[in-house]
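Everything on this sheet refers to the single structure shown next.
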Amino acid sequence: MSQHPTTPGAVQALPGHPFVAYHGAELQVEDVRLSRLAGEHGTPLFVYSKTSMLAALAAYQRGFAGRHAQICYAMKANSSLGVLQVFATAGCGFDIVSGGELERVLAAGGDAAKIIFSGVGKTRGEMRQALQAGIGCFNVESEAELDVLSEVAESLALRAPVSIRVNPNVDPKTHPYISTGLKDNKFGVAHEDTLRIYQYAASLKGLQVVGIDCHIGSQITDATPYLDAMDRVLDLVTSIEASGIALAHIDFGGGLGINYNNDTPPAADALWAQLLRKLDERGFGQKKLMIEPGRSLVGNAGVCVTEVLYVKPGEHKNFCIIDAAMNDLPRPAMYQAFHAIVPLLAEPTTAPNTPEARYDVVGPICESGDWIGRDRTLAVKAGDHLAVLSTGAYCMSMSSNYNTRGRAVELLVDGAQVHVIRERESAADQMRLERLVTL
Ligand code: LLP
């Protein structure tokens with residue numbers, strides 16, 4: 001880590017993380033030293049920068065300046081109440097995928113009218129709950145779902161606002177598990193069936209057709225798939241409206257990538273400048289636009305602070321065993337995802353006599369898949385602290401209790417202020433709903 005400055009006062013932000021920076025030798029989130037937070041709250045520990053989230057949101061807001069647009073944060077990326085509060089307070093809507101997520105948005109003070117409900121498997125109960133809350137739109141993914149939603153809405157003497165998710169069949173060139181807009185994916189309705197399905201939706205008494213939507217995948221780092229998908233969706237808008245069905249909004253989903261490892265996604269405002277140019281050229285510039293970004297709003301706002309428990313030299317590999325694991329940080333195990341790992345204290349303060357070596361950074365869970373980083377060059381010894389970067393999205397929200405490990409603490413940093421937004425989960429918390437029986 002010799003590139004990190006150790007001169008007192010020098011500030012060096014980490015690539016892609018404008019609010020995570022070394023101040024001299026100390027890694028900070030905004031104005032707060034992470035070593036202090038590790039001391040006060042223990043590890044593993046998630047720390048999120050509020051300013052970073054708002055800056056990421058501002059890039060979209062700049063992109064949409066002067067347009068009729070609604071940003072719906074895809075809360076599956078990070079559904080912690082304190083994070084939702086930040087976006088609700090900033091006026092965001094939310095993209096939800098379950099009744100549980102709906103309850104979270106309402107608990108965090110979100111506006112029900114700005115909620116869109118996505119997902120291929122909504123239950124009748126979830127539809128009822130969302131209709132009663134008065135959400136803005138259901139993004140429907142199949143004909144069968146249209147039937148059920150219409151029936152549920154009629155039983156409540158309501159009409160459900162719907163948009164149909166179309167599968168534009170474009171390749172987002174991302175990991176196969178997170179690409180959603182190809183023919184073989186379970187998502188959306190096929191392009192060639194869309195007009196017929198819209199006509200069917202318009203005939204159902206419990207529905208009111210209000211829009212169209214698509215989402216082609218996640219961690220997209222190139223504008224081309226977006227431009228292609230927009231063309232395909234606009235072709236459909238033309239034919240649907242020509243058949244007499246008005247569409248008040250177009251929802252282009254989420255998916256914009258972040259910099260994990262020298263990735264170079266377009267900035268949100270630059271991407272939208274290109275997309276809006278196309279929209280204008282094709283004569284749809286006046287339509288209400290919706291988007292569902294998740295990762296790009298929170299991913300690089302978060303770091304996970306962890307302690308090195310043991311350093312274990314091996315015959316072929318060295319292992320750096322840390323106290324965070326695949327239950328806290330599931331993305332490497334699930335997608336072979338890369339997260340940068342850096343020391344909280346840059347050299348030479350931390351380890352003047354500790355030599356650099358190559359390590360597999362692994363957690364304590366009893367699985368070979370429990371790795372967080374492979375072949376990383378680090379100068380570490382037991383007791384040192386590391387930060388796993390880009391962990392604001394799809395980490396806490398995908399965490400588990402595997403090995404009866406409690407979920408980590410979450411802190412929201414705002415300048416020099418630190419808010420605990422989630423306490424560390426105890427074993428008692430985990431056992432609360434379980435019952436001992438008489439055997
Ligand atoms: N809208 C829909 C309908 C989605 O399915 C998703 C993500 C989003 C919006 C938000 O996409 P984003 O802007 O965050 O890329 N767990 C994986 C990512 C799964 C994404 C699922 N859908 C990961 O850790 O990489």
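What to note about this one:
- The stretch 77-92 - phi-based ³J(HN,Hα) in whole Hz, Karplus 6.51/-1.76/1.60, Gly and Pro as x: 5, 6, 9, 5, 4, x, 6, 4, 4, 4, 6, 5, 5, 7, x, 6
- Using the rule -39500 (n - 2.57) for each DSSP H run of four or more residues, divided by the residues of the chain, the 222 nm mean residue ellipticity is -8000 deg cm²/dmol.
- Spin-label model distance (nm) - D269 vs R424, 7 Å beyond Cα toward Cβ: 4.1 nm
- Acute angle (nearest 10 degrees) that the helix 50-63 long axis makes with the longest principal axis of the chain, alpha-carbon atoms: 40 degrees
- Multiplying the residue separation of K278 and A113 by 0.36 nm and removing their Cα-Cα distance gives an extension gain of 56.5 nm.
- Pairs from the list K50/K287; K76/K312; K114/K278; K122/K205 with a Cα-Cα gap above 29 Å: K50/K287; K76/K312.
- With eigenvalues of the C-alpha gyration tensor scaled by 5 and rooted, the stretch 64-293, Å: 25, 22, 16
- The stretch 232-242 - phi-based ³J(HN,Hα) in whole Hz, Karplus 6.51/-1.76/1.60, Gly and Pro as x: 5, 5, 5, 4, 5, 4, 4, 6, 5, 5, 5
- D193 versus E241: modelled label distance in nm, points set 7 Å from Cα along the beta carbon direction: 2.6 nm
- Taking amide hydrogens as placed 1.01 Å from N in the peptide plane, the amide H of V361 sits under 5 Å from those of C320, I372, G373, R374, D375, R376, each at least 5 positions away in sequence or on another chain.
- GluC sites (Glu not before Pro), loop per DSSP, at most 14 other Cβ atoms within 10 Å - longest free stretch of the chain: 1-314
- Span from the the stretch 364-411 Cα centroid across to the the stretch 88-147 one, whole angstrom: 31 Å
- Relative to the dominant Cα principal axis of the chain, helix 194-203 is inclined by about 60°.
- Euclidean distance of C-alpha centroids, the stretch 251-293 and the stretch 56-75, integer Å: 10 Å
- Residue-wise HN-Hα couplings along the stretch 139-152, as the Karplus relation 6.51 cos²θ - 1.76 cosθ + 1.60 with θ = phi - 60° gives them from phi, are 8, 8, 10, 7, 5, 4, 5, 4, 4, 5, 4, 4, 4, 5 Hz; Gly and Pro carry x.
- DSSP finds beta bridges in the stretch 64-293, and of those with both partners inside it, around 5 percent are antiparallel.
- At full extension, A133 and V120 could sit 2.7 nm farther apart than now, given 0.36 nm per residue minus the alpha carbon distance.
- Whole-number D in µm²/s for the chain (Stokes-Einstein; Kirkwood sum over Cα pairs; 10 °C, 1.306 mPa s): 69 µm²/s
- Scanning residues 5 or more positions from I115 or on other chains, those with amide H under 5 Å from its amide H are F94, G136, C137, with H placed 1.01 Å from N in the peptide plane.
- Using a probe of 1.4 angstrom and keeping all protein chains present, the accessible surface of the chain works out to 42 square angstrom per residue.
- Carbon and sulfur %, accessible surface of the chain computed with the full protein complex present, 1.4 Å: 51 percent
- Using a Förster distance of 30 Å, the FRET efficiency for L106-R67 (Cβ separation, nearest 0.05): 0.65
The values are calculated or read from the model by the stated rules, or taken from the named source; none is laboratory data. Keep in mind the model is a prediction, meaning the values are calculated, not measured. Glycine also receives a Cβ, built like all others from the backbone with ideal geometry; neighbour counts cover every protein chain displayed. Only protein heavy atoms, including side chains, enter the accessible area calculation; ligands, DNA and RNA are left aside. Shrake-Rupley method; radii C 1.70, N 1.55, O 1.52, S 1.80 Å.
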